[in-house]
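Chemist: Take this structure, written in structure tokens, and hold onto it; I'll ask about it next.
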Amino acid sequence: MTAIRIDGKAFAAKLRERVGEAAMAFAQSAGRKPGLAVVLVGDDPASQVYVGSKGKATVAANMESFTHRLGAETSQADLLALVDQLNRDDAVDGILVQLPLPDHLDEQSIIASISPDKDVDGFHVINAGRLSVGQSGFVPCTPLGCMMLLTDRLGDLSGLEAVVIGRSNIVGKPMAQLLLDANATVTIAHSRTKDLAGVVKRADIVVAAVGRPEMIGRDWLKNGATVIDVGINRLPPEPGKEKGKLVGDVAFDEASEVAGAITPVPGGVGPMTIAVLLRNTVVAAHRNAGLDAPAGL
Ligand code: GUN
């Protein structure tokens, strides 16, 4: 059997188009575009690239982009003051502080300072709590994107065995919560799990978010499983090459022989993250303006 390749890039492009239409409709009712503020502290090269991409994608989706680039030496007080200013700014519907922050800054207290109603990353404890008790809030972009791909592929997830590998606050925990809300039977596995391969073998749905290149092979998977690979790992470069290949946490070619459907890396979960960020921002704009949530997002 050869697995169906789940095309996250195409799904994300369609979602961005729908978000762009919702943003245009919002502008007509509210008299202003939805706005997303992105804050970058320091000069981490990967973060620079992400922040640049987010800004361009925001503008392409008919929204206002406000990018704040601060020096690596920025103090906790100055960063808190900027977040406070963005919290009060009516043109800003969503605030994202790019992580990781430099070591001298306290990530948790910065996240806590963002208004939960503008926390389009879904990282604030209020939004984690809302997700946990089933209230509407903001859900972290990567797991929500994974969920969209899963429901598009499988429809109803009721009663399916889902194994999430990884227990981070950004992916593993919210992913498990979303699967549980969709009536799946959920296991969270991690580096201390005994017989990890045996646990994964039971799963109808595998979500891999461990950061170990090609860890999950053919023998780990149940026949026909749906595999969502959140990992983005760069292998060491081959001789004569400048950059190593990007691979996921799943050995794609092998896994494709057993799985029913699988996301590739790149082109699977990755493109969904920004698309969902834009989706969360247009939803935030509607909520903050007291308008009904846009349909079909
Ligand atoms: N760094 C890497 N991914 C993310 C993300 O989704 N949100 C934020 N704030 N920082 C990140």
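Chemist: Among the helices (runs of 4 or more DSSP H) confined wholly to region 83-181, which include 3 or more residues that are away from the ligand (no atom under 14 Å from the Cβ) and not β-branched (Val, Ile, Thr)?
Modeler: By residue number, 125-133, 141-154, 172-181.
Chemist: When Leu179 is evaluated against the numbered criteria (1) in contact with a Lys or Arg (Cβ under 6 Å, 6 or more places away or on another chain); (2) surrounded by 23 or more Cβ atoms within 10 Å (Cβ to Cβ), which criterion, by number, is the only one it fails?
Modeler: Every listed condition holds for Leu179 apart from (1).
Chemist: Name the pairs: first residue in region 76-105 and β-branched (Val, Ile, Thr), second residue open to solvent by 30 Å² or more (accessible area, probe 1.4 Å), Cβ to Cβ under 8 Å, at least 6 apart or on different chains?
Modeler: Val83/Ser113; Val92/Phe66; Ile95/Asn87; Ile95/Ser115
Chemist: Right, here's the next one. Which condition number does Thr2 fail, the rest of (1) polar (S, T, N, Q); (2) surrounded by 15 or more Cβ atoms within 10 Å (Cβ to Cβ); (3) in a loop (DSSP other than H, G, I, E, B); (4) touching a Ser or Thr at 6+ places or on another chain (Cβ under 8 Å) being met?
Modeler: (2)
Chemist: Ok, one more. Read through the list (1) farther than 23 Å from Val92 by Cβ; (2) free of Cβ contacts under 8 Å to residues at least 40 places away in the same chain, then give the number of the only condition that Val125 fails.
Modeler: (1) is the only condition that Val125 fails.
Chemist: Next question. Only one residue in Ala225, Ala189, Ala176 is among the small types (Gly, Ala, Ser) and touching an Asp or Glu at 6+ places or on another chain (Cβ under 8 Å), so which one is that?
Modeler: Ala225
Chemist: Taking region 30-57 as the search range and keeping residues that are of a type in the set (D, E, K, R) and either closer than 19 Å to Val92 by Cβ or without any contact (Cβ under 8 Å) to a residue 40 or more places away in the chain (or both), which one is nearest to the ligand (Cβ to nearest atom)?
Modeler: Taking the candidates together, the pick is Lys54.
Chemist: Show the residue pairs that are 6+ apart or on different chains and have beta-carbon atoms under 7 Å apart, the first residue being within region 244-261 and without any contact (Cβ under 8 Å) to a residue 12 or more places away in the chain, the second being assigned to a strand (DSSP E or B).
Modeler: If the second residue must be assigned to a strand (DSSP E or B), the pairs left are Gly244/Arg234.
Chemist: Additional query: Might you let me know whether region 31-47 holds any residue that is farther than 22 Å from Ala293 by Cα, in a helix (DSSP H, G or I) and either open to solvent by 20 Å² or more (accessible area, probe 1.4 Å) or touching a helix residue (DSSP H, G or I) at 6+ places or on another chain (Cβ under 7 Å) (or both)?
Modeler: Yes - at least one qualifying residue is present in region 31-47.
Chemist: Find the residue count for region 5-30, including only residues that are part of a helix (DSSP H, G or I) and either within 20 Å of His68 (Cα to Cα) or open to solvent by 70 Å² or more (accessible area, probe 1.4 Å) (or both).
Modeler: Final tally of qualifying residues: 9.
Chemist: Under 8 Å by Cβ, and 6 or more places apart or on different chains, what pairs join a residue from region 180-192 that is without any contact (Cβ under 8 Å) to a residue 12 or more places away in the chain with one that is surrounded by 15 or more Cβ atoms within 10 Å (Cβ to Cβ)?
Modeler: Between residues of region 180-192 that are without any contact (Cβ under 8 Å) to a residue 12 or more places away in the chain and residues that are surrounded by 15 or more Cβ atoms within 10 Å (Cβ to Cβ), the close pairs are Leu180/Val186.
The values are calculated or read from the model by the stated rules, or taken from the named source; none is laboratory data. Because the structure is a prediction, the values reported are computed rather than measured. Counting neighbours? That spans all protein chains shown, and the Cβs are built from the backbone with ideal geometry, glycine included. Only protein heavy atoms, including side chains, enter the accessible area calculation; ligands, DNA and RNA are left aside. Shrake-Rupley method; radii C 1.70, N 1.55, O 1.52, S 1.80 Å.
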